[in-house]
Amino acid sequence: MIRLLHSGEALPMNLLLLADPSERLIRDYTTRGACYVLEKEEKVVGVYVLLPTRPDTAELVNVAVEEACHGQGLGKKLILHAIQTAKQQGYRTIEIGTGNSGVAQLALYQKCGFRMVSIDRNFFLRHYEEPIFENGIQVIDMVRLEMDLEQ
């Protein structure tokens with residue numbers, strides 16, 4: 001079951017930190033967006049944040065699934081839920097971004113219907129104090145994808 005995190009309920013910081021190593025940035029965007037959690041057997045095992053960015057546009061940020069639950073289709077379930085939620089809330093566009101080294105994430109987002117639209121060069125150098133490595137590659141650029149929800 002996927003549900004909106006209740007007001008006053010603690011953020012699932014352990015999961016959020018899987019997708020974003022900056023607790024400071026996480027606290028910032030979770031106060032501006034809506035945090036949704038995926039529960040399995042009454043335990044939170046997945047999370048995403050839907051963040052309004054511009055009129056008619058939301059960004060899907062910080063999609064994460066507990067590592068023990070990888071390979072079960074839960075990430076895709078979270079993404080599809082976010083797309084449906086954004087549509088229901090009247091957004092016309094949904095965006096998502098990932099690091100240049102996130103090969104699996106790029107594949108998953110495209111399988112869910114997102115299309116690459118731009119590269120935010122040096123994003124991770126500008127916004128993170130410590131270097132981030134994934135798949136043996138330094139994460140430097142943000143690859144931005146989007147989906148038109150009015151199709």
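Using only C-alpha atoms and all pairs of different ones, pull out the Kirkwood radius for segment 49-144 in Å with one decimal. Could you put the intermediate results ahead of the total?
Values: mean 1/r = 0.0700 Å⁻¹.
Taking every pair of different Cα atoms in segment 49-144, averaging 1/r and inverting gives 14.3 Å.
Would you give the gap between the C-alpha center of segment 1-62 and the C-alpha center of segment 82-151, rounded to a whole Å?
Here the answer is 15 Å between Cα centres.
Return the carbon/sulfur percentage of the accessible area of segment 5-151, one whole number, probe 1.4 Å, all protein chains in place.
Working: 4060 of 8310 Å².
Carbon with sulfur: 49 percent of the solvent-accessible area.
On average, how much area does the Cα convex hull of segment 29-103 cover when viewed from any direction, in nm²? Intermediate values should be presented prior to the final figure.
Values: hull surface 22.9 nm².
Approximately 5.7 nm², given one-decimal rounding.
For the chain, report the accessible area per residue in Å² (1.4 Å probe, heavy atoms, rounded to an integer).
Counting only protein heavy atoms, the per-residue value for the chain is 57 Å².
Checking understanding here: applying a Kyte-Doolittle mean of at least 0.5 and a length along the axis of at least 24 Å (C-alpha), which whole DSSP H helices in the chain pass? Display every interim value, and only then the final one.
Numbers: long enough: none.
Qualifying helices, which must be both long enough and hydrophobic enough, do not occur.
Using a 1.4 Å probe on the protein heavy atoms only, what accessible surface does M147 show? Give it in Å² to the nearest 10.
Surface accessible to solvent at M147 totals approximately 20 Å².
Mind grabbing the accessible area of K76 for me, 1.4 Å probe, Å², rounded to tens?
90
The values are calculated or read from the model by the stated rules, or taken from the named source; none is laboratory data. If you're wondering where the values come from, they're calculated on a predicted model, not measured in any experiment. Side chains included, ligands, DNA and RNA excluded: accessible areas come from the protein's heavy atoms. Shrake-Rupley method; radii C 1.70, N 1.55, O 1.52, S 1.80 Å.
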